[in-house]
Amino acid sequence: MNHQRTASFTSAAISQRKSMDATAASLMLLFCLVLGFQQVAIKGVAEDISPVVQIALRSAIAGCLVGLLAYWRGIRWKEVGHHWGPGLLVGLGFAAEFGFVAWGLNYTLASHMSVFLYTAPIFAALGLHLWVPGEQLSARQWWGVGLAFLGMVIAMAPSGAYGIHIIIGDALGLLAGLSWAATTVVIRRTSLSEAPAELTLSYQLSITALLLLPVAALSGQLVNAQFTSMAVASLGFQALIISFAALMLWFTLLRRYRASQLGVFSFLGPLFGVLFGTLLLNEPLSTNFLMGGGVILVGIVLVTR
């Protein structure tokens, strides 16, 4: 009986999520700007500190900060243990996402990785539509999702013929996107849907750090890391702004708004990454990027208006 009441309460709470409004759109725009700069921050110091080490260290640092914030807000070990099942799942999904990204970049191009990683909102929208009450999309919104994804492919997929190693890297990018989508569905389908944002984020960061730090150490990447002033600055930005502040904002928004609509905005993340790469790393800005960006904006309007 108690289990049924809890399930009914969770379903009712999920169905009461709000549609996108001006506040959510503004905050998601800020979130995507930060995520876009993440790519430049990692790439800019990759010769000093490998991406795996950067992700592991920033997760550990941000995890400690989130833990302190959670304790300050009254979250205790009892509540942590209450959600350990779904918490373990989202932590493993988060670690798998970044693990596949780091692995796949050894084979494919960064632009390819961005395309396949950001298939996550499509998979998430499908999973939410099937399993989470109140997250169903209309036919018009599905057209918007399709247009947003098509625009991103136009904007970021490079031309030319590539070998089998590119296909392997692209497949790993697709697995990263699936991992990201799975964590979103788990959060909204389980008790984490109503758990504090600090708790959800602490699961993800702590498990990612616990898994990736040994990998970085055993592979020798941690020992070979060069902590130059630029590398330390980049790592600090990633830990404080991306892994702590930006992800905290994301999980806070997930508690208030429909995840299927929020997810479409994440298509802007790789576009901002290309823009920052052009401005800061002198990477080329192509015509197809400008065309794809326009298509993405049309898709977002269809989903969120």
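A short reminder: the numbers here are calculations on the coordinates, not readings from a lab. Because the structure is predicted, anything quoted here is derived from the model rather than measured. Methodologically, a virtual Cβ is constructed for each residue, glycine included, from the backbone with ideal geometry; neighbour enumeration extends over all protein chains shown.
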By the mean-Cβ-within-10 Å protection proxy, highest first, 225-237, 201-213 rank as 201-213, 225-237
Residue by residue through the range 175-184, the couplings from Karplus 6.51 cos²θ - 1.76 cosθ + 1.60 with θ = phi - 60°, in Hz, x for Gly and Pro, are 5, 5, x, 4, 5, 4, 4, 4, 5, 5
Scalar couplings 3J(HN,Hα) for the range 60-77 by Karplus 6.51 cos²θ - 1.76 cosθ + 1.60 (θ = phi - 60°), nearest whole Hz, x for Gly and Pro, are 5, 5, 5, x, 5, 5, 5, x, 5, 5, 4, 5, 5, 8, x, 7, 10, 4
Sorted by chain and number, the residues with a modelled amide H under 5 Å from that of residue 257, at a separation of 5 or more or across chains, are 18
For the pair residue 227 and residue 286, the simple spin-label estimate (label points 7 Å beyond Cα toward Cβ) gives in nm 4.0 nm
Given backbone amide H placed at 1.01 Å from N, residues whose amide H is under 5 Å from that of residue 190, ignoring those fewer than 5 places away on the same chain, are none
When the chain is treated as a Gaussian network with springs between alpha carbons less than 10 Å apart, the largest mean-square fluctuation among 80, 40, 53 is found at 80
Under the Karplus relation with 6.51, -1.76 and 1.60 and θ = phi - 60°, whole-Hz ³J(HN,Hα) for the range 204-221, x at Gly and Pro, equal 5, 5, 5, 5, 4, 5, 5, 8, 7, 4, x, 4, 5, 6, 5, 7, x, 5
